[in-house]
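The values are calculated or read from the model by the stated rules, or taken from the named source; none is laboratory data. Because the structure is predicted, anything quoted here is derived from the model rather than measured. Backbone-built Cβ (ideal geometry, glycine too); neighbour counts: all protein chains shown. Heads up: the accessible areas ignore ligands, DNA and RNA and are worked out on the full protein's heavy atoms, side chains in. Shrake-Rupley method; radii C 1.70, N 1.55, O 1.52, S 1.80 Å.
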Amino acid sequence: MLQLVLFNVTNGLIIGAFFVLMALGVAMILNLSNVINFAHGNFLALGGYLAYMLVPSIGFWGALIVAPLLVAALGFIVERLMVRRVYNRDPVYSLLLTFGLAFIIQDVCRYIWGVSGLPMTIPDSLSQGLSSDLFFITGYRIFMMAIVIVSVTGLFLFLRYTRLGTRIRAGTLDLDTVAALGINVRLLRSLNFAVGIYLAGLAGVLAAGQIGLNPNMGDDLMMPAFIAIIVGGVGSLTGTLLGGLLIGVASALTTVVMPSAQEAVIYVIMAIVLLTRPRGLMGEEGMLT
């Protein structure tokens, strides 16, 4: 029984880590630009496919570095050419734009790499379990958690101590004042969008090594990412982090006693939080912490 619980807790942390990377990227874009990016999961898939294409030439470690950067560069271009055109319009325009963009990216992935699942090659040194009893805790899973921890820590340090990060945080509070101080708000939004997409690309590379590749791989993570933001609190990256881990572990532990409720428990948690604290666990209106 203990081994089963450890197995599900481990799975929950892995799933929660993907939720966290996805949710943080979505939250960064939402907090500064007020755009709900429905294409975020498709950027995740694109990151995984780009890594798959790069592995034969530069290896897994090179692909892990380069693929998310390429996806972030594409996100920067998409924001400059398309997303920025709907900032001052009704929010439904941004919803329709990113929804359509999601289908475009998904169909491009299907056209280039096919509809069948593809395996992602990972180093042999990461594929072994810790022991015969803890076979489910592989080196790759530990590596993924380490990368997520480093990435999230780096993101918070970036937002707290760099000039660009400070401007992003200030922009979420009062973008008009930031613009009045002479800061290029258009470029700020573009760079913030690219950072959010980078997190999706990184999650895509890590997920590809764990669950393989398919054009729809990001779709299953999108709704939990939104729920993580709601549970944690819109406007709070710390809350988003907490929300992602909470629903990931809760979903995994539920499979021990009631596997059929694995997805339902996520919505139950969201409902409880909304009834008791509508702003979320750590949400404060207009705050990015």
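Quick look at the values:
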read-out: Selection within region 16-44 - closer than 21 Å to Ser190 by Cα, assigned to a helix (DSSP H, G or I) and among the aliphatic types (A, V, I, L, M); value: Leu21, Met22, Ala23, Leu24, Val26, Ala27, Met28, Ile29, Leu30, Leu32, Leu44
read-out: Subset of region 42-77 (residues that are free of Cβ contacts under 8 Å to residues at least 24 places away in the same chain and of a type in the set (Val, Ile, Thr)); value: Ile58, Ile65, Val66, Ile77
read-out: Single match in Ile104, Ile65, Ile58, Ile122 (criterion: out of contact with any Asp or Glu (no Cβ under 8 Å at 6 or more places or on another chain) and modelled with pLDDT under 90); value: Ile122
read-out: Neighbours by Cβ (under 8 Å, 6+ apart or cross-chain): first from region 106-134, open to solvent by 100 Å² or more (accessible area, probe 1.4 Å); second among the polar types (S, T, N, Q) and modelled with pLDDT of 85 or more; value: Val115/Asn214
read-out: Qualifying residue in region 163-171 (condition: under 20 Å from Phe18 (Cα atoms) and assigned to a helix (DSSP H, G or I)); value: no
read-out: Meets criteria (modelled with pLDDT under 95 and within 17 Å of the chain's Cα centre (by Cα)) for Gly114; value: no
read-out: So Leu155, is it modelled with pLDDT of 90 or more, in contact with a helix residue (DSSP H, G or I) (Cβ under 7 Å, 6 or more places away or on another chain) and hydrophobic (A, V, I, L, M, F, W, C); value: yes
read-out: Of all residues making up region 20-67, the number that are open to solvent by 10 Å² or more (accessible area, probe 1.4 Å), in contact with a Leu (Cβ under 9 Å, 6 or more places away or on another chain) and of a type in the set (A, V, I, L, M, F, W, C); value: 8
read-out: Breaking point among (1) under 19 Å from Phe193 (Cβ atoms); (2) modelled with pLDDT under 85, for Gly129; value: (1)
read-out: Filter result for Ala146 (within 30 Å of Met223 (Cβ to Cβ) and part of a helix (DSSP H, G or I)); value: yes
